[in-house]
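The values are calculated or read from the model by the stated rules, or taken from the named source; none is laboratory data. Values in this document were obtained by computation on a predicted structure and should not be read as measured data. Backbone-built Cβ (ideal geometry, glycine too); neighbour counts: all protein chains shown.
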Amino acid sequence: MNSLTRTLIKTSHPTSLILSVGAINAGLTASVIRGGITFLPALMTFLFAVLLQISGNLYHGYKYLSHHNNSKFDNNGKRTSRSENASRAILMKIVANAIAILALTTGDALFSFVGWLGLAYLVVIVTILFFYFDGPHPIVNTKWSLLVTFILFGPVAVSGTAIVQMPESTEWLPVVVYSLINGIMAVNAHISIQYLHYHEDKASGIETLVTAKGGSFARFIYLADAIIVSAILIIRPSAVEFVSPWVGIVLALILIISSIWVFTHMHRDPTNVSRLIRSVTLLQYVILILVLLCINLYAFDDFQINLIRLI
């Protein structure tokens, strides 16, 4: 694999795609409670979310290289010239636009399920992404980026998925609850990524919450988020509907214990613990995704038969 291919893969941030998958999973679980889910709209929603995020990540990489087009070292420790960085930036923009077209094509298929409402969601998403990655002052380079993370991976993604599944339903409590759960978990994942890139962002003048306030401040937000999600899982309002109340209790205990560990370590130098903190945070998120995935798969009528037909 050459350095250019590695750059494209690294810039697409494959790990961050877990957030897109989790957001759609949360929306599907809310849909289960609202009355059920169907396979084709679920698949198209997954594709749309993943393709759109890859496109956004690559475009962010293009903007970063365009504004920091200095000689630097690549993944092999070899120095890259300005012209090489410029070429990589142009390629990232081309690939980002190509994948964005695929995402919009997939989004067109979703319109057949929700009509004009799907177009409204698409306009909202594109507008948010424009101001997040582009515009005069990209939000991604500010401490307010976490708020956009909550909105995109919480209310927008969860409600959009639920509406695609069942646009006529008036039961919104599950959507609100899972918007909170997934949006807050996505914020903590983003905090861990900001902590991981603390030194790089600090050197580049990027003002994230962690570079602006430091890990000693960000860890309080991290722990508060974990407490809120744990409270929802333990209290188990009618909107959470796990197979057993013990599922929510066990998830909450895992989340609280691991978040306390993160809290006690996030005030240290990121060089030593940042990768471990990110891994713990993503593991929290993956465990929640797997539980929701099991609930969603169980909700399909005759799932095994449908899967065999699909294959």
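Tell me the residue from THR15, THR45 that is buried (at least 23 other Cβ atoms within 10 Å of the Cβ), touching a Leu at 6+ places or on another chain (Cβ under 8 Å) and either modelled with pLDDT under 80 or not small (Gly, Ala, Ser) (or both), please.
THR45
Among the listed residues SER192, SER179, SER159, identify the single one that is farther than 28 Å from ARG275 by Cβ and crowded, with 21+ Cβ neighbours inside 10 Å.
On inspection, the qualifying residue turns out to be SER179.
Out of the range 204-214, which residues are at pLDDT 85 or above and assigned to a helix (DSSP H, G or I)?
Within the range 204-214, LEU209, VAL210, THR211, ALA212, LYS213 qualify.
Hey, ARG268 hits all of (1) in a helix (DSSP H, G or I); (2) surrounded by fewer than 16 Cβ atoms within 10 Å (Cβ to Cβ); (3) of a type in the set (D, E, K, R) but one; which does it fall short on?
In the conditions (1) in a helix (DSSP H, G or I); (2) surrounded by fewer than 16 Cβ atoms within 10 Å (Cβ to Cβ); (3) of a type in the set (D, E, K, R), ARG268 misses (1) alone.
Would you please name the residue that is farthest from the chain's Cα centre (by Cα), looking only at residues in the range 270-288 that are farther than 23 Å from GLY154 by Cβ and of a type in the set (A, V, I, L, M, F, W, C)?
VAL273
Six or more apart or on different chains, Cβ atoms under 7 Å: show the pairs whose first residue is in the range 146-170 and closer than 24 Å to VAL187 by Cβ and whose second is assigned to a helix (DSSP H, G or I) and of a type in the set (D, E, K, R).
ALA162/ARG34
From the residues in the range 133-155 that are assigned to a helix (DSSP H, G or I) and over 14 Å from the mean Cα position of the chain (by Cα), which one is nearest to GLN165 (Cα to Cα)?
Per the criteria, the residue is PHE133.
State all residues of the range 118-136 that are modelled with pLDDT under 80 and loosely packed, with under 15 Cβ neighbours inside 10 Å; if no residue qualifies, say none.
LEU119, GLY135, PRO136
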